[in-house]
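Derivation of every value follows stated rules applied to the coordinates shown; laboratory data play no part. Just so it is clear, the structure is predicted and the values come from calculations on it, not from any experiment. All Cβ positions, even for glycine, are placed from backbone atoms using ideal geometry, and neighbour counts span all protein chains on display.
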Amino acid sequence: MVQVGRLRKAQKLLQKALDRGGGAKVGCTRDERHAAFRIIDDAGILGHYVADGSNPAHTSIQYNGWTGPNPNGYATDKRFHGRFESAYVGANIKLADVVSQMDTVARVFPDLRAAIISYLRETNAQVEHLYQLDKAHPFDSTTTSAEDKAFTVERLTAGARMLRDIWWTAWVTSGQPVPNPSR
């Protein structure tokens, strides 16, 4: 929430410059130029957080191999996280796979906090399914299971959609007062 607040504040400054006919370099004050760079930085940091939030392993204590009681015999290796998020995704998922699943209508969240919580809960609800897929077809660079790919593309698409919608919400609402993030 703090990162989105910073993004909104920077976007408000940039909007002022654009409204005057300026751009990121021409006709801008020093603060407005700084805001353009702040937007890039904050948007990138948000991108990391939101992308992490699309991976069920990031929303659970089961982030790198199943821990505790394991009646279903899920993977317990400490390479689980990397096998899925790095090796499998890097070898099997292309940008076009995700882009082809994206809708084109950005949402404005009336309650950003509630939207983020809902997104993380939706992701967390997929933890066991992630482990079920891994048990059937272990994630690694050589895995070719259609089910693994569909699941992974869906989660990455959910992350891309959420990030787009957070950025859009920040832009659309940047002219409004930034709410207190400590509420």
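Are any of the residues in segment 65-73 outside any loop (DSSP other than H, G, I, E, B), touching a Lys or Arg at 6+ places or on another chain (Cβ under 9 Å) and without any contact (Cβ under 8 Å) to a residue 24 or more places away in the chain?
Applying the first criterion (outside any loop (DSSP other than H, G, I, E, B)) to segment 65-73 yields 65.
From what's left, touching a Lys or Arg at 6+ places or on another chain (Cβ under 9 Å): 65.
Still in the running and without any contact (Cβ under 8 Å) to a residue 24 or more places away in the chain: 65.
Yes.
Here are some conditions: (1) under 16 Å from the mean Cα position of the chain (by Cα); (2) in a helix (DSSP H, G or I). ASP31 meets all but one. Which one does it not meet?
In the conditions (1) under 16 Å from the mean Cα position of the chain (by Cα); (2) in a helix (DSSP H, G or I), ASP31 misses (1) alone.
Could you please find all residues in segment 44-64 being touching a residue at least 12 places away in the same chain (Cβ under 8 Å), surrounded by fewer than 18 Cβ atoms within 10 Å (Cβ to Cβ) and closer than 29 Å to ALA17 by Cβ?
Across segment 44-64, the qualifying residues are ILE45, GLY47, TYR49.
Does VAL89 meet the test of being in contact with a Leu (Cβ under 9 Å, 6 or more places away or on another chain) and in a helix (DSSP H, G or I)?
When the stated conditions are applied, VAL89 passes them.
Residue by residue, here is whether (1) farther than 22 Å from ASP41 by Cβ; (2) free of Cβ contacts under 8 Å to residues at least 24 places away in the same chain; (3) not in a loop (DSSP other than H, G, I, E, B) holds:
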| site | (1), (2), (3) |
| --- | --- |
| THR104 | yes, yes, no |
| ARG107 | yes, no, no |
| THR142 | yes, no, no |
| LYS149 | yes, no, yes |
| VAL153 | yes, no, yes |
| ALA158 | yes, no, yes |
| ARG164 | no, no, yes |
